[in-house]
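Please treat every number below as a calculation from the coordinates, not as lab data. In this text the structure is predicted, and so the values were computed from the model without any measurement. Note that each Cβ is placed from the backbone with ideal geometry, even for glycine, and that neighbours are counted across all protein chains shown.
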Amino acid sequence: MRLQINGDEHDLDVVTLKDVVKHFGLQEGLVVTEVDGAIVDRSNWKDINVQDGMKIELVHFVGGG
Amino acid sequence: MTNKLTIAGKQLSSRLFLGTGRYPNPYVQNKAIEVSEAEVLTFAIRRVNLSAPDEDAILQHIEKPFQYLPNTSGATSAEEAIRIARLAKASGLSDWIKIEVSQDEKMLIPDPIETLKATEILANEGFIVLPYTSDDPALCYRLQEAGASAVMPGGSPIGTGLGILNPYNIERITEKLTVPVIVDAGLGSAADVTQAMELGADGVLLNTAIAKARNPVMMAEAVKHAIHAGRLSYSAGRISKKKYATASSPIQS
């Protein structure tokens, strides 16, 4: 599956958005996802089947003022 | 002095909002947060670095529950700020948002028009909106009327430590607004913090002044006392300034 994640091409063996988050070893409670410009709530990650060419953004809180 | 700061119905015992950027390490940061007694912490929202996901993550280092105030730093328009605000809210960690919109990389001066636009839209969406803005009394008033739960004028540009460049304006803002005024940005030391509080600010937001002090933990403590001193002084009511001397003792015995 070829996905564009945070601006870079990734070729991943995944089915759902939840798999994508898991693939990168991210702490689920701290990550927010956007798929093709729309925010996907954490509770729906397992229901979103990713498809070739999807643009996924994975964001989180970092230090800031 | 015992009266508490209330923002959008939430009572806060501390009038200090603390940024979480640029500390030497998580241990010093946590210690500084603890000593400061701050209850509101600010954050930024960024893409996860997928080759080192934990590198810049922050929340795993934060120990006890705080009121999180994510910011929209990096946004150059209302549209971008709104996107970041919605992402922040989707974290499930907070519905508070510090609007920060700038097109000026050198000065990081907040864009007044885009800030007002984002404030209005997000307040209508149910966010608790705290816009960071320039120290313009008319603009601060407009932000309040647009639905801001608190307004956060800058003392001077972010990270400069130049203190309050226009105390006259800050005082006009604290006099005019009915929502809390938090002086944000540019404060460099405990003295600047005391001045902000004496001008009637309801609180201050600091990051660099503490994170980049030679001893951040000690500065956190100094700032805590400065807020207390400044607030007491404001409540006590300072004397008016006079041109000529007035003897402290009676002239004739």
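Side notes on the structure shown:
- Expected-Rg normalisation [2.2 N^0.38 Å, Cα atoms] applied to the protein assembly as shown: 1.11
- Lysine-lysine proximity count for chain B, Cα under 18 Å, sequence distance 8 or more or distinct chains: 10
- Peptide A:32-39 has a mean of 3 when you count, residue by residue, the C-beta atoms of other protein chains within 10 Å of its C-beta.
- Beta bridges by DSSP in chain B, antiparallel share as percent, to the nearest 5: 15
- Of B:Ala209, B:Pro167, B:Gly154, farthest towards positive along the dipole that unit charges on Lys, Arg, Asp, Glu beta carbons give chain B: B:Pro167
- Put the Cα centre of the stretch B:100-148 next to the Cα centre of the stretch B:52-91 and the gap is 17 Å.
- For trypsin sites (Lys or Arg not before Pro), the sites in the stretch B:157-253 that DSSP calls loop and that have at most 14 other Cβ atoms within 10 Å are B:Arg214, B:Arg238, B:Lys241, B:Lys242, B:Lys243.
- Candidates B:Pro24, B:Ser91, B:Leu187 compared by Cα position along the dipole of chain B: farthest toward the positive end lies B:Leu187, with charges placed on Cβ.
- Pairwise centroid distance, computed over Cα atoms, of the stretch A:36-59 with the stretch B:186-244, Å: 45
- Full-extension gain in nm, A:Met1 to A:Thr16, via 0.36 nm per residue minus C-alpha separation: 4.3 nm
- Sites B:Ser13 and B:Ile113, calculated FRET efficiency, Cβ-Cβ separation with R0 41 Å, nearest 0.05: 0.70
- The protein assembly as shown, dipole about Cα centre (Lys/Arg Cβ +1, Asp/Glu Cβ -1), debye to the nearest 20: 1480
- Here is the list for the stretch B:109-158: GluC sites (Glu not before Pro) lying in DSSP coil, each with at most 15 other C-beta atoms within 10 angstrom of its C-beta, are B:Glu125.
- Charge sum, other residues only, whose C-beta stays under 14 Å from B:Ile7's C-beta, Lys/Arg counted +1 and Asp/Glu -1: 0
- With the convex hull drawn over the C-alpha atoms of chain B, the volume per residue is 150 Å³.
- Nearest-0.05 FRET efficiency for A:Lys46 and B:Ala52, computed from C-beta distance (R0 35 Å): 0.85
- Amide H contacts of A:Val62 (H built 1.01 Å from N, under 5 Å, at least 5 apart or other chain): B:Ala44, B:Ile45, B:Arg46
- In chain B, the calculated helix contribution to ellipticity at 222 nm averages -11000 deg cm²/dmol per residue, counting -39,500 (n - 2.57) for every DSSP H run with n ≥ 4.
- Farthest towards the positive end of the charge dipole of the stretch B:1-95, among the residues B:Ala52, B:Leu5, B:Ser73, is the Cα of B:Leu5, using unit charges on the Cβ of Lys, Arg, Asp and Glu.
- Calculated log₁₀ intensity ratio I(q)/I(0) where the Debye formula runs over C-alpha points of the stretch A:2-59, q = 0.20 Å⁻¹: -0.64
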